[in-house]
Amino acid sequence: QKDGYPHFMIKEIHEQPQAITRTITPRIKDMLPDFSEDGIPDSFFEDVNDITIVACGTAMYAGMVGKTMIQNRLHIPVTVAIASEFRYEEPVITDKSMVIVVSQSGETIDTLEALRLANKYTKKTLSIVNVKGSSIARESSYVLYTHAGPEIAVASTKAYTVQAATFYLLGCKLALVQNKMSVEEAHEFIQTLSEIPNYIEEVLAQASNVEQLTKRMTNAANAFFIGRGLDYTLCMEGALKLKEISYIHAEAYAAGELKHGTIALISEGVPVIAVATQKHVYSKVISNIREVKARGAYVTLLTREKEITDPSICDVHISLPDIADEFAIFEAVVIFQLIAYYTSVGKGLNPDQPRNLAKSVTVE
Ligand code: F6R
């Protein structure tokens, strides 16, 4: 079943190109997003004043990517809510709000209850779900199934990338319907999206380099993931992955926020994984990296350049294939998954079965 891989997790990391292709291809017609096979009429995407995305854990972090992408394109408020919080809050939802719930299993109880609450306020509920016929899929007005195939490893990998890819299709559709994107722009956007599987293959080819660099991580007590904008949303997923399978305390910070307290935790040799793929904040992130480097951090830097102009700002540079800013997260997240996987294996742990965790959380 593991097709020759030592663990399900690494098998599933390598399955991501096919999983994305399976998820997006049936929803692209004439290089435009098309949800007719999902039975969703265009009217569903009209008249949306605001969007709330509700989920737990990794699915919520995919939602954070979706939020940034959709809000930047649509210029309407998009909020991400933790399902276990949302369900006990007073929801600020009207019949013009769209609520998108995200779940690999489709059975996470907090996400399901959040959906049930949202259903009381709006008919515009949409789920992004991997498991066919699951409760969340059944109870939302519409469902966009991701086609990741079964995810066995407890730590989610391919489910995250297909959820993010679905958000990109969705964002493009909303922007088109609401005249926030021209057909030409949409063509270009969908063209890039459909090339993502090839770019991920290129990133996967660097797996053995990532394995080498994690040799140092196995002794770490703490690690920090820093970035800005879309890179920051990704850092949250990177930190979660490392925590859950390698038991290293890891946190994600918006790079500009470090100096408001957290930088006090940086001391000699602390691993900092920094991502700088977004052009409009590139120089800002680089100066944040200088601040942690000056305090002794061991910096692994992910950028889309072949070589960085000033190599002294980091200890290890990982070069990602060059791609439009908005899409770089699909490359960087694969590096994060590999860092978590090889650190776990390097510590002699079983990444498929992390302690205290279950694949599907059907209790509160
Ligand atoms: C982390 C992980 C969890 C799940 C979360 C939601 O690797 O897998 O954080 O993402 O429990 O699960 P679903 O997506 O099934 O609702």
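The values are calculated or read from the model by the stated rules, or taken from the named source; none is laboratory data. This is a predicted model, so every value here is computed, not measured. Reconstructed Cβ throughout: ideal geometry from the backbone, glycine too, with neighbour counts over all protein chains shown. Surface areas here come from the heavy atoms of the whole protein model, side chains and all, with no ligands, DNA or RNA. Shrake-Rupley method; radii C 1.70, N 1.55, O 1.52, S 1.80 Å.
Worth a mention:
- Residue selected from segment 144-161 under the condition open to solvent by 10 Å² or more (accessible area, probe 1.4 Å) and of a type in the set (Ser, Thr, Tyr), by the criterion farthest from Gly238 (Cα to Cα): Tyr145
- Filter result for Ile51 (open to solvent by 10 Å² or more (accessible area, probe 1.4 Å), more than 15 Å from the ligand (Cβ to nearest atom) and more than 30 Å from Leu204 (Cβ to Cβ)): no
- Taken over segment 329-364, the criterion of being among the polar types (S, T, N, Q) and buried (at least 20 other Cβ atoms within 10 Å of the Cβ) is satisfied by Gln337, Thr343, Ser344.
- Within segment 125-143, if we keep just the residues that are among the small types (Gly, Ala, Ser) and surrounded by 18 or more Cβ atoms within 10 Å (Cβ to Cβ), the residue that is farthest from the ligand (Cβ to nearest atom) turns out to be Ser140.
- Strands (runs of 3 or more DSSP E) wholly inside segment 230-311 that include at least 3 residues being open to solvent by 10 Å² or more (accessible area, probe 1.4 Å) and over 25 Å from Ile82 (Cα atoms): none
- Selection of first residues in segment 199-214 that are among the polar types (S, T, N, Q) and of second residues that are open to solvent by 30 Å² or more (accessible area, probe 1.4 Å) and assigned to a helix (DSSP H, G or I), restricted to Cβ pairs under 6 Å at least 6 apart or on distinct chains, gives the following pairs, ordered by first then second residue: Thr214/Tyr342; Thr214/Gly346.
- In segment 4-56, the residues that are out of contact with any helix residue (DSSP H, G or I) (no Cβ under 7 Å at 6 or more places or on another chain), under 21 Å from Ser208 (Cα atoms) and not in a helix (DSSP H, G or I): Gly4, Pro6, His7
- Just one of (1) within 18 Å of Val78 (Cα to Cα); (2) open to solvent by 10 Å² or more (accessible area, probe 1.4 Å) fails for Glu184. It is (1).
- Top-ranked residue in segment 313-360 [being in a loop (DSSP other than H, G, I, E, B) and of a type in the set (S, T, N, Q); ranked as nearest to Tyr61 (Cα to Cα)]: Ser360
- Criterion: within 24 Å of Leu234 (Cα to Cα), away from the ligand (no atom under 16 Å from the Cβ) and either in contact with a Lys or Arg (Cβ under 8 Å, 6 or more places away or on another chain) or open to solvent by less than 60 Å² (accessible area, probe 1.4 Å) (or both) - qualifying residue of Thr79, Thr122, Thr58, Thr111: Thr79
- Within segment 84-108, being more than 12 Å from the ligand (Cβ to nearest atom), crowded, with 18+ Cβ neighbours inside 10 Å and free of Cβ contacts under 8 Å to residues at least 40 places away in the same chain holds for Phe86, Arg87, Pro91.
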